[in-house]
1. Considering only residues that are basic (Lys, Arg) and over 23 Å from Val66 (Cβ atoms), which ones fall in segment 41-56?
2. Look through segment 14-40, keep the residues that are free of Cβ contacts under 8 Å to residues at least 40 places away in the same chain, among the basic types (Lys, Arg) and closer than 25 Å to Val66 by Cβ, and return whichever of them is surrounded by the fewest Cβ atoms within 10 Å (Cβ to Cβ).
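Read the figures in this text as sums done on the coordinates, not as results from a lab. All values reported here derive from a predicted model rather than from experimental measurement. Every residue, glycine as well, gets a Cβ built from its backbone with ideal geometry; the counts of neighbours run over all protein chains shown.
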Amino acid sequence: MPIIVNLDVMLARRKIRSRELAARIELTEANVSLLKSGKVRGIRFDTLERICAVLDCQPGDILEYVPGNADDALEHRAAGRKSA
């Protein structure tokens, strides 16, 4: 899927651990982990709103569209982690 989830990048920028985010947005740590890895098929707007409120960011800071196929998106994600 050409949607990249940059939640791990925003957590690092805000110096917030996944466990703390999960507690503050009332989501399980397992679900936060799935979001970070991009292994979800969707996200509720109210969940996205709570994440943005806690991280003081915009949805576009967390979600990114990369045209192309899934392999291209995975390569883009891996390259982003190396530079972050």
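1. Answer for segment 41-56, where residues must be basic (Lys, Arg) and over 23 Å from Val66 (Cβ atoms): just Arg50.
2. Checked segment 14-40; the qualifying residue surrounded by the fewest Cβ atoms within 10 Å (Cβ to Cβ) is Lys39.
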